[in-house]
Amino acid sequence: MTTTHALILIIVAALATFATRVTPFLFLSRHSAHPLILHMGRYLPAIVMTVLVAVSLSAMTLPVFEVSTDDLPTAWQHWLMSAKGAGMLISAICVAGLHLWRRNALLSIAVGTGIYMAWVQIGTPAVVG
Amino acid sequence: MFGYLPLGAAFGVLFTQLSLSPWLGLLMSLVILAGAGQFLAVALLGAGAGVTELAVATLLLNSRHLFYGLSLLERFRDAGIAKVYLIFGLTDETYSLLASLPRSGDRDDIHARREDQRLMLRITALNQLWWVLGTLMGLAAAQLNFDSNGIEFALTALFVVLGIEQWYALRERWPFVLGLAVTFTGLWILPNDQLLLGSIAGACLLLLGHYAVHKRRTAMASTHTPRSPHS
């Protein structure tokens, strides 16, 4: 990828990000009490976050799914038994448990990432693959 | 607030895997200023995504920001040029800090409002400072042959934390179940590279449907329930 192409993409990402932040101030201020806006504002963030958690837990090992997309339970079994899949699940549970316990975002993220990095770097041999 | 330091470092390290000039990573933290958004942009840059794909992905991922501003409309009023920076810096972390800030004084008191806005401006700028410093640290650490394998998990951890914060704010189970169900369905029917966008789009449609049903139900309830003579 050329630097120019990367620069264009960065500017696009910057504009798109700013667009989502400025929209309520430009267009939604007169409709801020509209029930649809309130409804979306109430539930969408929780749904988007859940999708992001689920996608990022599966997406990092998605090649696993290419083994047998027709047979998803088998694919999940493979994912869970692979070093990455199990490490991610364990680290994610640690993050959630730590956050429910101490509710300190920095602590939860740092410890969880540390566990995962140790897991993949110490090189637990993959059961599958 | 300090949460942005390690997360920024994770972003910096991840960026160096792209074999682009590190200055571009610094530029991203200066002009984009989004945790999840920048991680996603790195993934898409690495996958050789086009302009449209990146724009749509960023818009969908940040669609939750559409609703952040609503609760701050009043407090950002008349902030002048500072308002542009306050809006630019409205990340997940900054928003949750600003939203939990107690209001100082009367809402019509112009001095109290100015004071309030100066404080919000300082918080926003400090958050970006930590984010940029973290990015620099990550970019530098990557030059030191530091084994960063697995650091990309910081993003997943951030999503888990933000999800739990949503749970504390909402205390309702179904949005989380819906998000999981949509993603699992997506794993079945969507190609891998469409999973994120397809799932978010599907969830938005379902939420719109839920709104329509919810509205009809409350409308019916209010027409069919006889008014209590005592109320």
- Note on the structure: Karplus-derived 3J(HN,Hα) from phi for the range B:161-166 (6.51 cos²θ - 1.76 cosθ + 1.60, θ = phi - 60°), whole Hz, x at Gly and Pro, runs 4, 5, x, 5, 4, 5
- Task: Specify whether the C-alpha gyration tensor of the protein assembly as shown places it in the rounded, prolate or oblate class, a ≥ b ≥ c being the square roots of the eigenvalues: rounded for a/c under 1.5, otherwise prolate if a/b is larger than b/c and oblate if not.
- Result: oblate
- FRET efficiency (B:Ile81, B:Val51; Cβ distance; R0 25 Å; to 0.05) is 0.25
- Message: With angles folded into 0 to 90 degrees, how steeply does helix B:195-224 sit against the dominant principal axis of chain B? Use alpha carbons for both and round to 10.
- Response: 10
- Counting helices only, and only those DSSP H runs with n ≥ 4, report the 222 nm mean residue ellipticity of the protein assembly as shown as the sum of -39,500 (n - 2.57) divided by its residues, in deg cm²/dmol to the nearest 500. -24000 deg cm²/dmol
- Task: Give the peptides B:203-213, B:25-35 in descending order of average Cβ contacts within 10 Å, highest first.
- Result: B:25-35, B:203-213
- Query: Taking chain B as a Gaussian network, Cα atoms linked when under 10 Å apart, which of B:Leu119, B:Leu170, B:Leu45 shows the biggest mean-square fluctuation?
  - Reply: B:Leu170
- So how far apart, in nm, are the two label points at B:Leu101 and B:Ser19 if each is 7 Å from Cα heading toward Cβ? 4.5
- Note on the structure: Measuring from its Cα centre, the range B:1-96 shows a charge dipole (+1 at each Lys and Arg Cβ, -1 at each Asp and Glu Cβ) which, in debye to the nearest 20, is 100
- Task: Taking 7 Å along the Cα-to-C-beta vector as the label spot, tell me the B:Ala112-A:Thr4 distance in nanometres, rounded to one decimal.
- Result: 5.6
- State, in square angstrom and to the nearest 100, the accessible area buried between chains B and A, both chains counted, probe radius 1.4 Å. 7300
- Message: Considering only protein heavy atoms and a probe of 1.4 Å, how much of the accessible area of the protein assembly as shown is carbon and sulfur, as a whole percent?
- Response: 67
- Task: Within a 10 angstrom radius of each residue's Cβ in B:173-183, how many Cβ atoms of other chains show up on average? Whole number is fine.
- Result: 5
- Note, the range A:30-36: 3J(HN,Hα) by Karplus (6.51, -1.76, 1.60, θ = phi - 60°), whole Hz, Gly/Pro = x, goes 7, 10, 5, 9, 5, x, 5
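The values are calculated or read from the model by the stated rules, or taken from the named source; none is laboratory data. Note that this is a predicted model, so its numbers are computed, not measured. Ideal geometry is used to build each Cβ from the backbone, glycine not excepted, and the neighbour counts take in all protein chains shown. Surface areas here come from the heavy atoms of the whole protein model, side chains and all, with no ligands, DNA or RNA. Shrake-Rupley method; radii C 1.70, N 1.55, O 1.52, S 1.80 Å.
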